[in-house]
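**Student:** Below you'll find the structure I mean.
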């Protein structure tokens, strides 16, 4: 069985910040956010050692909370292949502690100094011209080498301006609704972002009835038959602290997005364009000289039609699945979905699934030439307890499902067995 898990953000004590996974589309939901939310810039990982701040404003990492203008010691970054997060608009920052250095490796996960903080912002689009804030996640490195995740849930946009976010003590859920244009070719729920439902009671995790239909279909619009054809309803899951660490685990190196294959890209910053890794080296982030590679190891977006289909699919599976599906994981699938693992050694091709058969007589993880009899593809498109990833997503990624299916269907039926 294939397991897919999602990634979050992280911050570093006293320095640059970065969090779990997601798209780096920058947007400012100004219509829903208070204009006066300034704070001092004294935030660091030390704030999370004993009693984490109960309000996002108290973390003191944003100079202006209304615009999410980061403090000068935070560094914003982007990744080559974003994690699928139900179409959320995301931003990422990293904060390094004073004099802290990253142990750089071109091939393995990087080691970050204690006190490092990663931050990830999640916003949702109500309609074509309006965005609301949903949550801000932190991933913090402690002196003992362990990491902890923290989730701040933004105030409900239906109740007025979004001035702040509060720290969650456990997992929560909310129901979000998006109104799409009534026109041919309107974006699906996967390409637009959900916003809060007009029914306040549906925004409570204690109301399971509002979520009961979401597991029955791979089409999220089926969740709300009472809405017009241009309105879709979808659940959003706020992770608990232990849930964060299910993906940000020890065998994957804790930090999933901030590494060579994801950060190696040209990026506009401060009015100039430069390699993102080189700019980190210029900031003296690394403990040794950067080994910059411009080779095939860089991840690519699933949507990048200029790249070979297999490279796009392997990048997507590495980002969305390999944090759990790799050697040393507690997941018992036996699959290795890391990008650099040769396809013949991933144990996907012509290999029997050992955790879920998806009602197939011969449940192969990937059956070359036939996506409809491939467990990997079926688990991507299904909803409910057999859906992959198990955490972090309630909306199927239609584009990825189509392209992974195309990749499988294009394989020769005589493809090797690993």
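Each reported figure results from applying straightforward, stated rules to the coordinates on display, with no laboratory input. The structure displayed is predicted, hence computed values, not measured ones. Every residue, glycine as well, gets a Cβ built from its backbone with ideal geometry; the counts of neighbours run over all protein chains shown.
**Student:** What nm value, rounded to one decimal, do you get for the distance between residue 240 and residue 340 when each label is placed 7 Å out toward the C-beta?
**Tutor:** Here the modelled spin labels are 3.5 nm apart.
**Student:** Under a point spin-label approximation (7 Å from Cα along Cα-to-Cβ), what is the residue 372-residue 398 distance to one decimal in nm?
**Tutor:** About 2.0 nm, to one decimal.
**Student:** Applying a 10 Å radius around every beta-carbon, put 272-284, 394-406 in order of their mean neighbour count, most first.
**Tutor:** Packing order, densest peptide first, comes out as 394-406, 272-284.
**Student:** A further question on this structure: For residue 169 and residue 287, calculate 0.36 nm times their separation in residues minus their Cα-Cα distance, and state this gained length in nm to one decimal.
**Tutor:** Residue separation times 0.36 nm, minus the Cα-Cα distance, leaves 38.9 nm.
**Student:** Using a basic spin-label model with each label point 7 Å from the Cα along Cα→Cβ, how many nm lie between residue 46 and residue 304?
**Tutor:** 4.0 nm
**Student:** Separate question: For 305, 140, what's the fewest-to-most ordering of other Cβ within 10 Å of each Cβ?
**Tutor:** By the 10 Å Cβ count, ascending: 305, 140.
**Student:** Can you tell me how much longer the chain between residue 55 and residue 98 gets when fully stretched, taken as 0.36 nm per residue apart minus their C-alpha distance, in nm with one decimal?
**Tutor:** The residue 55-residue 98 span can extend by a further 13.1 nm.
**Student:** Next up: Which of 299, 104 comes first, and how do the rest follow, when ranked by fewest Cβ neighbours within 10 Å?
**Tutor:** 104, 299
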